[in-house]
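Colleague: I'd like to ask you about the structure that follows.
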Amino acid sequence: MPVWRMRDFHDDDLDQVVQVWDQSRPDDQPPPVFPISEAMSAARAGQPAVVAVVGEQIVGVAVARAEGERAWIVLVALASRWRQRGIGSDLLAELGRRLRGAGVRRICALLPESAAGTAAMHNSGYTARDGLVYFERLEHAPAAEAGLLEALGGRVLPSDLWGALAGRETEKDLVEKRIVLPLKETELVERFGVVPPKAVILFGPPGTGKTSFVKAVASRLGWPFVEVFPSRLAADGGSVGLAAALRDVFGDVGSLDAAVLFIDEVEEIASVRSGVAADPGHMVTNELLKVIPGFREHDEHLMVCATNSVRSLDPAFLRPGRFDYVIPIGPPDATARAAVWTRYLGPALETQTVDLTRLVQASELFTPADIEFAARKGAQAAFEREVANRQDEPATTQDYLAAIHDIRPTLTDEMIRDFKEDQEQYTRI
């Protein structure tokens, strides 16, 4: 009988796992495809991860990351004195059971030839495939930029935000064609003479997802996301301080190799100028107009400004030479609302006690955030009823309609009317 046993990875195993990882890598071995930081992030996020323990000591670890029907083994490590004893094969078997239970059908691994776990792979029925070449392109901010990015309050966002934009297919298609693809498909851009965008304005009523779209663009590009808050910049020094702070921020962002710079509620610093030179707002708007051309000279930099009131922006700010596109992000239509409801209702739809069509009709003036709140409120009501009665009653249409009735929608008929007028006058796509 083996002296080791298998169990799930726990967060407090981290120090021991790192020690095992250090022991499992000879000095002359190529660096792993998946670094220990990525493996531990996957394990701590709930991806399949098992450890082999002898007593209380961890002697082996295996971690995988499941993506639909395919999974990648991102870490196999064995303590040096416990290699060649069959622990690796047991780890892979235990990991395989968890992956199969999650619906995975194809398990893959990329390991250096001499890495810990290669023998276990062969012994466990894994097939080595010849004739393949591993390609890699590093997209994240280099270590030298990490301090600057942190000082700016920026971060590299998760890579799956684009798919989370439920139901906004018309807007997604437009944003992808005008913004994302010209910045990603660099070879095709040069071949066809396309000029990638450097600055874009998104406009629409509050709560329609403008910020979510910008974050999703940064996610798709793999560029750091930096948000500028005009109200924070103006906290010290008034308009003079704000103008100087704008110069500093644009200069710092220009030092990054790549970045998506986002200014929300840009009307706070780019509203129509009064024409009076002494007007404090005049100084700030002028400064913003000055820094935009310099920002446009940087490769792999994109500025996105969002506003609830495009009509209040200074006309000079809206000129094509400064912004490539002015894109409307409107209220979700019925199809989009159905997709958002479906996302947040989840299991409730499977009970067939919820009429999605009625919810979509009743939430006509709701934003995606309003729908999320209504879904949570309806689910909470059903939960509390079940706790009180214990009759196994699922959530119903009436639970969610009651939640809709109790919520004041973000949008109004006047907002939608103004937005349609702005669409006709300001859209540039």
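Every number here is computed from the coordinates shown, using simple stated rules; none is lab data. From a predicted model like this one, the values you see are computed outputs, not experimental measurements. Note that each Cβ is placed from the backbone with ideal geometry, even for glycine, and that neighbours are counted across all protein chains shown.
Colleague: Running a GNM on the chain with Cα contacts under 10 Å, which residue among Arg408, Arg97, Arg247 ends up with the highest mean-square fluctuation?
Modeller: Arg97
Colleague: May I pose another question? What ranking, highest mean first, results for peptides 75-86, 390-401 when packing means the other Cβ atoms within 10 Å averaged over each residue? Intermediate results must be reported in sequence, preceding the final value.
Modeller: Details: 75-86: 19.1, 390-401: 16.0.
Result, highest mean Cβ count within 10 Å first: 75-86, 390-401.
Colleague: Further, regarding this structure: Which shape class applies to the chain: rounded if a/c is under 1.5, otherwise prolate when a/b exceeds b/c and oblate if not, where a ≥ b ≥ c are the square roots of the Cα gyration tensor eigenvalues? If you can, show how the numbers build up before the last one.
Modeller: Details: a/c = 2.37, a/b = 1.44, b/c = 1.65.
Because a/c hits 1.5 or more and a/b fails to exceed b/c, the chain counts as oblate.
Colleague: Here is a further query. Under 14 Å Cα to Cα from Lys420, which aspartates and glutamates show up? Leave out anything in the same chain fewer than 8 places away.
Modeller: Asp333
Colleague: Under a 10 Å cutoff between Cα atoms, tell me which one of Glu171, Glu113, Glu268 has the largest fluctuation in the Gaussian network model of the chain.
Modeller: Per the Cα network of the chain with a 10 Å cutoff, Glu113 tops the list.
Colleague: Tell me which lysines have Cα within less than 19 Å of Lys198's Cα, excluding those fewer than 8 residues away on the same chain?
Modeller: Lys172, Lys177, Lys184, Lys210, Lys215, Lys290
Colleague: Quick one: what are the phi-derived ³J(HN,Hα) couplings along region 381-389, Karplus 6.51/-1.76/1.60 with θ = phi - 60°, whole Hz, x for glycine and proline?
Modeller: 4, 5, 4, 5, 5, 5, 4, 6, 9
Colleague: Further question on the same structure: Taking only Cα atoms and a 10 Å spring cutoff, compute GNM fluctuations for the chain and point out the largest among Ala151, Ala218, Ala93.
Modeller: Looking only at Ala151, Ala218, Ala93, the largest GNM fluctuation is found for Ala93.
Colleague: Estimate the FRET efficiency between Ala316 and Glu38 by the formula 1/(1 + (r/R0)^6), using the beta-carbon distance for r and 60 Å for R0, to the nearest 0.05.
Modeller: Efficiency at R0 = 60 Å is approximately 0.85.
Colleague: Would you mind pulling out the separation of the Cα centroids of region 380-429 and region 11-66, in Å?
Modeller: 45
Colleague: Would you kindly state how much longer the chain becomes between Thr186 and Gln19 on full extension, computed as 0.36 nm times their sequence separation minus their alpha carbon distance, in nm to one decimal?
Modeller: Details: separation 167, 0.36 × 167 = 60.12 nm, distance 4.19 nm.
Fully extending the segment from Thr186 to Gln19 adds 55.9 nm.
Colleague: Give the angle, between 0 and 90 degrees and rounded to the nearest 10, that separates the Cα long axis of helix 87-101 from the longest principal axis of the Cα atoms of the chain.
Modeller: Helix 87-101 sits roughly 50 degrees off the main axis of the chain.
Colleague: Further, regarding this structure: With a/c under 1.5 counting as rounded, go ahead and sort region 5-123 into rounded, prolate or oblate using the C-alpha gyration tensor (a ≥ b ≥ c being the square roots of the eigenvalues; past the cut-off, prolate if a/b is larger than b/c, else oblate). Could you put the intermediate results ahead of the total?
Modeller: Numbers: a/c = 1.36, a/b = 1.20, b/c = 1.13.
It is rounded, given that a/c, with a ≥ b ≥ c, falls under 1.5.
Colleague: So if R0 is 45 Å, what FRET efficiency would Asp392 and Asn286 give, r being the distance between their Cβ atoms, rounded to the nearest 0.05? Please report the intermediate quantities before stating the final value.
Modeller: On the way: r = 66 Å, r/R0 = 1.46.
Here the calculated transfer efficiency is 0.10.
Colleague: Please list, in chain and number order, the residues 5+ apart from Val74 or on another chain whose amide H is under 5 Å from its amide H, with Hs placed from the backbone.
Modeller: Distant-sequence amide H within range of Val74: Val63, Ala64, Arg65.
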